[in-house]
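Below you'll find the structure, written out as structure tokens, and then a few comments.
The values are calculated or read from the model by the stated rules, or taken from the named source; none is laboratory data. What you see is a predicted model; the values in this text were computed from it and never measured. Cβ placement follows ideal geometry from the backbone for every residue including glycine, while neighbour counts extend to all protein chains displayed. Note: areas computed on protein heavy atoms with side chains; ligands, DNA, RNA excluded. Shrake-Rupley method; radii C 1.70, N 1.55, O 1.52, S 1.80 Å.
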Amino acid sequence: MINNIAEIKDDILMSIKDIESVEQLQTIRVKYLGRSGILTNLLKDLKNVNPQDRPLYGKLLNDTQRFIEQNIDTVMEKLLSRDKLLREKSESIDVSFSKITAKRGALHPLTKVKNEIINIFIGLGFSVEEGPEIEYTKYNFELLNIAADHPARAFADSFYITNDIMLRTQTSGIQARVMEKQTPPIKIVCPGKVYRPDADATHSPMFQQIEGLYVDKSVSLADLKYTLELFAKEFFDKDTKVRFRPSYFPFTEPSVEVDLSCAMCHGKGCFLCKNTGWLELLGAGVVNPIVLENCGIDSTVYSGYAFGIGIERATMVKYGIPDMRLLFENDIRMLEQFK
Amino acid sequence: MLVPISWLEDYVKITITPEELSEKLVACGFEIEEIIDLSKKIQNVYTAKILEIKEHPESKKLNLCKIDVAQNGVFNIVTNDLSLKVDDIVPVALDGAVLFDGKKVKKCAIKNVDSYGMFCGVSELGCDLSDFKGASYDSVLKLPLDTPIGCDINKLLGRDDIVLDVSVTANRADANSIIGIAREVAAITNQKIKNILPNNDIKIKSQTLTIQNQASDLCRRYIGAVIDKVKITESPLLIKNRLKSVGIRPVNNIVDITNYVLIATGQPMHAFDADKVSNRTIVVRQAREGESIVALDGNKYDLDKNMLAICDVNNPLAIAGVMGGVESSITNNTTAIILESANFARDNIRHTSRKLGLQSDSSIRFEKGIDLYSQEIGMWLAIQLIEKHKWGNFKEFVDSLAEEISPKTITFTKDNIEKILGISLKDSQVLSVLNSLEFSVNKVKNSDSFKVIVPRWREDIVGVNDIAEEIIRIIGFDSIETVCYKEMSLLRGSKSKKQLTVDKIKEILLGWGASEIITYSFINPNFSSLLKTFDNKCIELLNPLSEDFSVMRNNLAFSMLKTISSNYNHGNKRIRLFEIANVYIPEVLPLQTLPKEELVLCISAIGEDFYEFKAVVDMLFDVLRIDINVEKANNLPYMHPYRLAKINESITGGFIGYFGEVNSSVAEELNINSKMFIAELNLSKILEIASDFTTFKIISKYQSSERDIAVLVNENVIAADLLNTIKELNQKNLVDYKIFDIYSGAQVREGYKSVAINLKYQNMDKTLTEDEINTDVVDILEALKIKYDAILR
């Protein structure tokens, strides 16, 4: 019996030594440990063994069983990990190849720049207001101190629908609407599409503006300069300088053109700024008291400043886009550059 | 406007270079478009005296001249003008010269004889004979024999000036003149303006001239003057050169004077032949229907009652402020003239000019607006020039303005100005700036106030803010220190909820891979032929740029399809785009009130299938927490009649948009041979009903169970109806249900389809038993059977 067991152990070690597959190993397991396996049968025979020999014999069989299990398990583990490696090897792929492309869409560059500008002003306490694109001349002109005989009202400078309904030429109408219904402090930015009959590389008949308005007790031109300097430093970079030049808009007095030091050459002179070192980017000024009064605000108590930024122009300057018309072609090859 | 510096010097001493002057003008509000150096046009051309003439050794058609160019030296020039004689004075372009047309001259050998340049005729110099008194012309220009030699031809032609191209803002009508700019220059360079007012009183009482101003609202002032013993001749070089340097062609002395005065003072002038004005009576009145006039340009213009005419007792003599008539114009036989210096209303001039399609230097100037003071200055300068040149005798003067105009006064304190500008000022600064601009300033006794009298030409100055602007533009904006607000209300900036929702929608679409486009709000009215729709009730512009931009769109589909098409035809075969913009819906046409502006979201894609496209629409409504019903529709002719869905909001049933496949014939028209999908959703409505995440729902800890059932239904039964039937049962434990497959074909009866539905059950408090679930499933099958005759497969 003992010899027999030693033989079994040897047999097992022999048969699993060069084994090739998990299946073969399973067969061996069944051969020894299966329901009618060699060792199983020996265990069944234990009841026929002499009672005083049983403990010893039993222990021997149990040890043998553990011996077989352990050896099979060890080989099994080896085989499985070998098989896994083989499978993984067969699953080898070219990771450098992009079979499927997942694409995120791109915001239109004008929206991107508009959002950027809006966010800067939200940070400075401005709220966003919108208004109608088709507007009464009253809001586009009259309330803003643009009299009936003002040249800006000519057919050549505005699109008309009827005598007193037009496409807004500026988003200032929103300011007038807000001032009519709200008492100061008023601190708003008004983005939106506006329309003027011009079409060339630097003009589009439809373009977008953001106008800002702050009306409060004692708002001054110096406050305007401070605000626009903060804006310019955020929008371009912290070294951007702001220069005011006198100008004229009927709704502000004093009025200024605002130049920013060139974003590309920082004032040294380049093609973008036509060698002047400065970019003309905004119009601004102290709100004309006549406009405040027109909108029902007491100009002896309140004052304000207003400014207007052309989004197309800001976008062209920021990204070096040479022709405004490109912005309205909506060519995907252009749009996707802004994702 | 063009401002020759030498002309400016008539009125103010210029102490700085043109570049410095330009910088200062820019800083005080006058942009300089260009600094034009007239002497750079022609270079290295001088007057020369012919010393010797020899025949060219190799050609009888050429002569060899030795010339003296004074300090420049003595040179040999070969010429083909055989009429030249010794001692003739001629212009010569020396080696390196540049001619009027830009051509360069180099020394060269002509038939083996060196020529150091060439003689010039009038065309090479860009002038005409009349520019030189006593000159003659064969091929080479022969100058008068007393012409100094070695003289730069530009100087001789008066082309040695620097001209500033100044742009004047609309409020500063007064600065559209040499005198106007001179006043600014005086202020910014601390000079005094030279006296431009007449020393003698020119208000001579009229004897023969009558002026009847019957339209004083359109003509605020009319000054007429009679000049007799008039001699029509050519103007002197100075006047002609000045006119040329600002782009005006000289005609004769009287016409030139009217133009000269216009440029110098900003006041348009007109001269009538006095003998053509019956009764020497000028009537300023609105034209009568049926009246017409042949203007100086030779064309006949029909006038109407809105146009202002300058007439004699019978007929119109001129279209007021726009153009004179031929009949009363100055001719070489004119012996007496009536000079007009008037103030016409700018909107009336603009209206007349547009209506007649006729523009002149005068009408352009009137449209900018003219103050009531310029008429005197203009008339005075004209008379002074005519008398100085002895071209006629000034006889009479009539002014329609009865009384002196009283000047405007403004009272303010230094504090007012400081508050507007946000800087501190000294009394002396206020005084000196305002004085330099010819405001007369007085400190009000026993108060802090200043009282200023506004110069009569400054009609733009009406209040304290204007005074503040004058001060800051002269002392300079650099004096504003940028320090943080002294006082301000603390306000929170934000976007509105709706604006934030629009941003969120954009984010969703970007993540799906769609790019945003922005197209024009106005479109071509022929959009309806592409969209095959007759609903083209659009708002039309009165003055569109072109037909392509002539109506305000009532849909985004047209522009979207066009954009998809152009991208597709650039080689993009998979495209996803979206646009968010207003459409304009009129209530009545023509518009009485503002139209409705509805915000619309348009999504379009190419290179995918219907259900892939529908998925993004579903996702949007899912994220915005809007319950929708999707129904088949066939009411859009540009869409596939069997692949169009309308979307209704499920609670109110209100229509909020459509999506589907674009009709293949539309795609074909756009050169697209692929399936196109488009959705247009009414964002205005969606933003009203969209809601945000509000409360958190506890997730059940107990196991969920799923059941798949497949039922056979008539092919006309739609998925949404089956789902609605399940929904209406309101089963408490049914947490999710969806259709995951619809199949027709083999193994399914003709006219029927098999619909596979997935049901998911779960309870908050326990694991459901088989029985509980089965009862619910049976109820669903029962309901589907009753309503749609559905048979379990």
For this session: For residue B:753, work out the one condition from (1) within 23 Å of residue B:630 (Cα to Cα); (2) touching a Ser or Thr at 6+ places or on another chain (Cβ under 8 Å); (3) not in a strand (DSSP E or B) it doesn't fulfil.
Result: (3)
Exercise. In the range B:281-342, which strands (runs of 3 or more DSSP E) lie fully inside it and hold 1 or more residues that are open to solvent by 10 Å² or more (accessible area, probe 1.4 Å) and more than 23 Å from residue B:234 (Cβ to Cβ)?
Worked result: B:281-286, B:292-294, B:300-302, B:316-319
For this session: Just need a number here: residues in the range B:376-434 that are part of a loop (DSSP other than H, G, I, E, B) and out of contact with any helix residue (DSSP H, G or I) (no Cβ under 9 Å at 6 or more places or on another chain).
Result: 9
Problem set entry | Residue in the range B:535-561 that is farthest from residue A:159 (Cα to Cα), counting only those that are assigned to a helix (DSSP H, G or I) and open to solvent by less than 30 Å² (accessible area, probe 1.4 Å) | B:561
Problem set entry | Set B:174, B:161: member being closer than 25 Å to residue B:349 by Cα and within 32 Å of the chain's Cα centre (by Cα) | B:174
Seminar exercise, completed: By residue number, the members of the range B:63-92 that are aliphatic (A, V, I, L, M) and more than 10 Å from residue B:116 (Cβ to Cβ) are B:64, B:70, B:82, B:84, B:86, B:89, B:90
For this session: Go over the candidates B:442, B:446 one by one and state the one that is open to solvent by 30 Å² or more (accessible area, probe 1.4 Å) and either within 14 Å of another protein chain (Cβ to nearest Cβ) or not in a loop (DSSP other than H, G, I, E, B) (or both).
Result: B:442
Exercise. Only one of these conditions is not met by residue A:95: (1) more than 7 Å from chain B (Cβ to nearest Cβ); (2) open to solvent by less than 70 Å² (accessible area, probe 1.4 Å); (3) part of a loop (DSSP other than H, G, I, E, B). Which number is it?
Worked result: (2)
For this session: Tell me, please, whether a residue that is more than 9 Å from every other protein chain (Cβ to nearest Cβ) and modelled with pLDDT under 95 can be found in the range A:203-215.
Result: yes
Exercise. So which pairs qualify, if the first residue must be in the range A:301-314 and polar (S, T, N, Q), the second must be open to solvent by less than 10 Å² (accessible area, probe 1.4 Å), the Cβ gap must be under 6 Å, and the two must be at least 6 apart or on different chains?
Worked result: A:303/A:219
For this session: Report yes if some residue within the range B:528-538 is small (Gly, Ala, Ser) and more than 9 Å from chain A (Cβ to nearest Cβ); otherwise report no.
Result: yes
Exercise. How do the pairs read when you match residues in the range B:8-31 that are away from chain A (no Cβ under 14 Å) and touching a residue at least 60 places away in the same chain (Cβ under 8 Å) with residues anywhere that are assigned to a helix (DSSP H, G or I) and open to solvent by 30 Å² or more (accessible area, probe 1.4 Å), using Cβ under 8 Å and keeping only pairs 6 or more apart or on different chains?
Worked result: B:16/B:24
For this session: Quickly run through the range B:489-506 and pick out the residues that are more than 9 Å from chain A (Cβ to nearest Cβ) and within 16 Å of residue B:617 (Cβ to Cβ).
Result: B:504, B:505
For this session: Identify, from the list B:459, B:481, B:470, the residue that is open to solvent by less than 10 Å² (accessible area, probe 1.4 Å), of a type in the set (D, E, K, R), under 35 Å from the mean Cα position of the chain (by Cα) and within 14 Å of another protein chain (Cβ to nearest Cβ).
Result: B:470
Seminar exercise, completed: Pairing a residue in the range B:34-47 that is in a helix (DSSP H, G or I) with any residue that is open to solvent by less than 40 Å² (accessible area, probe 1.4 Å) and of a type in the set (Asp, Glu), where Cβ atoms lie under 9 Å and the two sit 6 or more apart in sequence or on different chains, gives B:38/B:161; B:39/B:161
For this session: Could you tell me which numbered condition residue B:425 fails, if it satisfies all but one of (1) within 13 Å of another protein chain (Cβ to nearest Cβ); (2) over 26 Å from residue A:185 (Cα atoms); (3) under 36 Å from the mean Cα position of the chain (by Cα)?
Result: (3)
Problem set entry | Single residue of the range B:142-156 satisfying the filter (touching a helix residue (DSSP H, G or I) at 6+ places or on another chain (Cβ under 6 Å) and open to solvent by less than 30 Å² (accessible area, probe 1.4 Å)) that is farthest from residue B:26 (Cα to Cα) | B:150
Exercise. Residues in the range A:159-175: is at least one under 23 Å from the mean Cα position of the chain (by Cα), part of a helix (DSSP H, G or I) and not hydroxyl-bearing (Ser, Thr, Tyr)?
Worked result: no
Seminar exercise, completed: Going through (1) more than 24 Å from residue B:506 (Cβ to Cβ); (2) more than 7 Å from chain B (Cβ to nearest Cβ); (3) in contact (Cβ under 8 Å) with a residue 60 or more places away in the chain one by one, residue A:125 fails only at (2)
Exercise. Restricting the search to the range B:113-147, which residues are in a loop (DSSP other than H, G, I, E, B) and modelled with pLDDT of 90 or more?
Worked result: B:116, B:120
Problem set entry | strands (runs of 3 or more DSSP E) wholly inside the range B:562-637 that include at least 1 residues being farther than 30 Å from residue A:166 by Cβ and more than 11 Å from chain A (Cβ to nearest Cβ) | B:596-606, B:628-632
For this session: Would you confirm whether any residue within the range B:646-663 is assigned to a helix (DSSP H, G or I) and either surrounded by 15 or more Cβ atoms within 10 Å (Cβ to Cβ) or in contact (Cβ under 8 Å) with a residue 40 or more places away in the chain (or both)?
Result: no
Exercise. Which of the residues belonging to the range A:128-144 are at the interface with another protein chain (Cβ under 10 Å from one of its Cβ atoms) and of a type outside the set (Ser, Thr, Tyr)?
Worked result: A:128, A:129, A:130, A:131, A:132, A:133, A:134, A:135
Exercise. Within the range B:694-717, how many residues turn out to be within 60 Å of the chain's Cα centre (by Cα) and touching a residue at least 12 places away in the same chain (Cβ under 8 Å)?
Worked result: 1
For this session: Please tell me if residue B:603 is open to solvent by less than 20 Å² (accessible area, probe 1.4 Å) and either in contact with a helix residue (DSSP H, G or I) (Cβ under 7 Å, 6 or more places away or on another chain) or touching a residue at least 60 places away in the same chain (Cβ under 8 Å) (or both).
Result: yes
Problem set entry | Unmet requirement for residue B:585, which otherwise passes all of (1) open to solvent by less than 10 Å² (accessible area, probe 1.4 Å); (2) touching a strand residue (DSSP E or B) at 6+ places or on another chain (Cβ under 6 Å); (3) among the β-branched types (Val, Ile, Thr) | (1)
Problem set entry | Residue count, the range A:98-130 (criterion: part of a loop (DSSP other than H, G, I, E, B) and under 28 Å from residue A:215 (Cβ atoms)) | 5
For this session: Scan (1) more than 9 Å from chain B (Cβ to nearest Cβ); (2) open to solvent by 10 Å² or more (accessible area, probe 1.4 Å); (3) outside any strand (DSSP E or B); (4) touching a Ser or Thr at 6+ places or on another chain (Cβ under 8 Å) for the single condition residue A:198 breaks and write down its number.
Result: (1)
